[in-house]
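Worksheet: the structure to be examined is printed underneath.
The values are calculated or read from the model by the stated rules, or taken from the named source; none is laboratory data. Note that the structure is a prediction, hence the values are computed from the model and not measured. Cβ placement follows ideal geometry from the backbone for every residue including glycine, while neighbour counts extend to all protein chains displayed. The area values use the complete protein model at the heavy-atom level, side chains included, leaving out ligands, DNA and RNA. Shrake-Rupley method; radii C 1.70, N 1.55, O 1.52, S 1.80 Å.
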Amino acid sequence: LFLHKVINYCSNHLNEDLSVDGLAEISGYSRWYFSREFKKNLGLSVPQYVMELRLQQAEELLQSTQYSVKEIAEMCGFRNTAYFIRCFSEMFGVTPSIFRKTEK
C-alpha cells in the first residue's frame, strides 16, 4: 500500500519539510488523490497527521533525553520554538518544560 511508504518516510524525516505536495510525489499519486486517500484511510489530513507524529516524537524526546526544548523542536521539524510550544501545549495541556518535569 502506498500509505506505508509515506508513513515510513514521515517517521524517518520528521525534521524535514513534509508538505502534501512532496508526500504526494513520494506516493506516486496526484496531490488531490493522495490527500483524499490519506484522509480516508487514516482519518486525518496530511498536515494533522504530520503534526501528531511530530508532537508524539517530541513527547518521547522530552521523557527520554536531556535535549533542550529548542533542540527537540528542531529535531521534530519545528522551525519556530514558540510555535512548537503552542502546538505542544494545545495537544498535551501543558508546556514542554512543565511536561518534562511532571512526567519524570
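Taken over the stretch 68-92, the criterion of being open to solvent by less than 10 Å² (accessible area, probe 1.4 Å) and among the aliphatic types (A, V, I, L, M) is satisfied by Ile72, Ala73. Taking every residue in the stretch 30-46 that is farther than 13 Å from Phe2 by Cβ and pairing it with any residue that is loosely packed, with under 12 Cβ neighbours inside 10 Å and basic (Lys, Arg), at least 6 positions away or on another chain, yields no pair with a Cβ-Cβ distance below 6 Å.
Looking at Thr95, Thr65, just one residue is of a type in the set (Val, Ile, Thr), out of contact with any Phe, Trp or Tyr (no Cβ under 6 Å at 6 or more places or on another chain) and exposed (fewer than 13 other Cβ atoms within 10 Å of the Cβ), and that residue is Thr65. The condition (being of a type in the set (D, E, K, R) and out of contact with any Leu (no Cβ under 9 Å at 6 or more places or on another chain)) is satisfied by just one residue among Glu25, Glu37: Glu25.
With the requirement that a residue be polar (S, T, N, Q), modelled with pLDDT of 95 or more and open to solvent by 50 Å² or more (accessible area, probe 1.4 Å), what does the stretch 13-40 give you?
So the first thing to find is which residues in the stretch 13-40 are polar (S, T, N, Q), and the list is 15, 19, 27, 30, 35.
Add one more test, that the residue is modelled with pLDDT of 95 or more, and what stays is 19, 30, 35.
Correct list: Ser30 only.
The set of residues in the stretch 71-104 that are more than 13 Å from Met51 (Cβ to Cβ) and of a type in the set (Phe, Trp, Tyr) contains only Phe99. Scanning the stretch 1-16 for residues that are free of Cβ contacts under 8 Å to residues at least 12 places away in the same chain and within 27 Å of Val69 (Cα to Cα) returns Ile7, Asn8, Asn12, His13. Would you check if Tyr83 is outside any helix (DSSP H, G or I) and without any contact (Cβ under 8 Å) to a residue 40 or more places away in the chain? In short, no.
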